[in-house]
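No lab work stands behind these numbers, since they all come straight from the coordinates. Being a predicted model, the structure only gives us computed values, none of them experimental. For neighbour counting, all protein chains shown are included, and Cβ atoms are generated from backbone atoms with ideal geometry for every residue, glycine included.
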């Protein structure tokens, strides 16, 4: 088995998002609810997702809008605190993503014992946050210095909220990223959170990378999950599992259970 399959217990995982509430110091932080509010909400979502049978979960700071490339240390520290509070409740492999900061994501993974990390590691983009030039070499060397050479890296090669300045086709960029940076999986996204990746993009990337796991990273819904699993090697899902399918709502246990039932059917 590959490192990927060993980590998730399957070669076609469904990974569910635990979207943390806005963190201290960010514009949308709820100071009245405080840290306990963050922990309580994350605990509720985690329980619903694990009860539904997802193969893994991923903690992310999706609501820390507007996003940053160099995230405040307080955000990473708070995420570590929340995950630490939930550690005894986590029964599946978990990953982390500190938007949009590869170094902070890897630091958080090292601090919490996360099995995998998702980020934009490669490419050059024009984005809502300004010019975007991540450095995969620096980020992965940082992980090595933190003794996390075992950390699975999931490379998002089609950044949300941005347009690539590299005019090569997406499949060529994905193939190049695998050659140059050796990710454990490649992710294909839509234009923004909750928006589906184009099926033709998934097909093109998977065709170019038959030996590399390729996952749909955004916008997978109950009515598209079978089609996605007919092309890709898995998915990361958040918004579709929420009350009314709205990104910023709590996880709906019934929607989560129904989604995983459809994943099982698609995998069989």
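Of note:
- Two-site label geometry, residue 33 and residue 258: point separation in nm, points 7 Å out along Cα→Cβ: 2.4
- Overall form of the stretch 1-146 per C-alpha gyration tensor (a/c, 1.5; a/b vs b/c): oblate
- Rounded FRET efficiency, nearest 0.05, which uses the C-beta distance separating residue 223 from residue 87 and R0 of 25 Å: 0.10
- Potential lengthening between residue 150 and residue 10 on full extension [0.36 nm per residue; Cα-Cα distance subtracted]: 48.6 nm
- By the beta-carbon count within 10 Å of each Cβ, the least crowded to most crowded order of 125, 142, fewest first, is 142, 125.
- Applying the Kirkwood pairwise sum to the alpha-carbon positions of the stretch 96-185 produces a hydrodynamic radius of 13.2 angstrom.
- Computed FRET value (nearest 0.05) for residue 77 with residue 133, which takes r as the C-beta separation and R₀ as 35 Å: 0.85
- Separation of the stretch 206-238 from the stretch 19-76 is 24 Å, based on Cα centroids.
- Fewest-first sequence of 85, 103 by Cβ atoms within 10 Å of each Cβ: 85, 103
- Antiparallel %, DSSP beta bridges [both residues in the chain], to 5: 20
- Distance (nanometres) between label positions extended 7 Å along Cα→Cβ at residue 141 and residue 182: 1.5
- For the chain, relative contact order (Cα pairs under 8 Å, six or more residues apart, normalised by length) works out to 17 percent.
- Residues 224, 112, 122 arranged by fewest to most Cβ contacts within 10 Å: 224, 112, 122
- Label point at residue 44 placed 7 Å out along Cα→Cβ; residues across the stretch 242-268 whose backbone nitrogen lies under 14 Å: 242-244, 248-254
- Where N is the number of residues in the chain, Cα Rg divided by 2.2 N^0.38 Å: 0.92
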